[in-house]
Amino acid sequence: MRRRDTILLTGFGPFPGVEENASERFVAKLAHLAARRFSAHRVVARILPTEWERGPARLATLYQRERPKLVLHFGVSANATAYVVETTARNACSLSEDAVGAVPAGRLLEPNGPDRRDVPLPAADIVARLTALKIPATTSDDAGSYLCNAVLYRSLELAEEQEIDGVGFFHIPRVIPPALLKSKVERREMRFDWGSALLGGLEIVRTCLGRPPPSRRHVKFL
Ligand code: PCA
């Protein structure tokens with residue numbers, strides 16, 4: 001990545017069953033921190049509508065308008081209790097209602113598209129680096145069959161058409177508890193809260209930029 005290259009972070013708006021999507025607040029906060037920490041780059045946070053039509057369409061507009069070099073998507077999952085680093089998007093969708101009550105026309109995202117597209121990020125490395133910071137994380141090769149998978153599938157296609165350094169998708173828990181004021185004991189425990197979520201988000205960006213892990217001293221004051 002060159003100086004002033006853009007890092008695009010996306011979260012999602014509400015959808016049936018999730019009135020307030022934590023990924024929306026999360027990317028706004030992470031963009032703020034990342035812009036300060038990686039000040040050579042431009043960091044933008046945008047929210048995608050959780051809609052079969054408008055979600056992927058908005059993403060295509062963002063690729064055109066922002067010309068990002070690194071694109072990191074975040075969405076919530078009822079099953080996630082940690083960072084879930086998605087490694088694959090599948091050409092499949094469930095006939096589930098989106099935020100405006102619409103359902104897809106069929107069970108394939110793109111009738112002529114490949115069965116799957118793989119995420120070109122070092123997922124195992126990201127998990128190892130998060131774990132080293134006591135942030136719970138795991139990989140997954142199943143991003144589900146709802147909008148998160150659909151957006152990732154489309155994003156990987158858009159990335160092929162433009163010169164992009166990296167695209168990733170991260171599921172986070174639906175509910176993120178406030179950060180604890182950490183005692184020594186708690187610091188040894190793995191816990192996904194607002195503190196570790198944001199620390200982890202910065203570490204994900206740092207890994208994707210090809211930077212080494214922060215020194216211990218640095219982590220302490222983050
Ligand atoms: N999670 C949904 C879509 C939007 C979001 O935050 C999913 O996992 O597909």
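Quick look at the values:
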| quantity | calculated |
| --- | --- |
| Only Lys, Arg (+1) and Asp, Glu (-1) charged, at Cβ; the chain dipole about Cα centre in debye | 1520 debye |
| Options A128, G101, L181, ranked by Cα towards positive dipole end of the chain, top entry (Cβ charges) | L181 |
| Relative contact order of the chain, defined on C-alpha pairs under 8 angstrom at six or more residues apart (%) | 25 percent |
| Estimated 222 nm signal from helices in the chain, with DSSP H stretches of n ≥ 4 weighted -39500 (n - 2.57), rounded to 500 | -11000 deg cm²/dmol |
| Long-range tail of P(r) for the chain (Cα pairs > 27 Å, %) | 28 percent |
| Ratio Rg/Rh, restricted to region 117-201 and using Cα atoms, in which Rh is the Kirkwood radius | 1.04 |
| DSSP beta bridges in the chain [antiparallel fraction, %, rounded to 5] | 25 percent |
| FRET efficiency, 1/(1 + (r/R0)^6) with R0 35 Å, evaluated for L95 and H32 via beta carbons | 0.40 |
| Student exercise, region 1-103 dipole from Lys, Arg, Asp, Glu Cβ charges, in Debye to nearest 20 | 940 debye |
| Farthest toward positive dipole pole in the chain [+1 Lys/Arg, -1 Asp/Glu at C-beta], among N21, T61, P212 | P212 |
| Estimated inter-spin distance, A57 and R2, nm [label 7 Å along Cα→Cβ] | 3.3 nm |
| Under Karplus coefficients 6.51, -1.76 and 1.60, residue-wise ³J(HN,Hα) of region 4-13 in Hz, glycine/proline x | 6, 4, 8, 9, 9, 10, 10, x, 10, x |
| Long-range HN-HN contacts of H73 with modeled amide H, under 5 Å | T10, G168, F169, F170 |
| Label-point separation, S215 to D125 (7 Å along Cα→Cβ), nm | 2.2 nm |
| Neighbourhood charge, 13 Å Cβ-Cβ cut-off, centred on N79 and excluding it, Lys, Arg +1 and Asp, Glu -1 | -1 |
| E160 versus A102: modelled label distance in nm, points set 7 Å from Cα along the beta carbon direction | 2.4 nm |
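Values quoted throughout were computed directly from the atomic coordinates according to the rules given, and no laboratory measurement underlies them. None of the values given here were measured: they were computed from a predicted structure. Note that each Cβ is placed from the backbone with ideal geometry, even for glycine, and that neighbours are counted across all protein chains shown.
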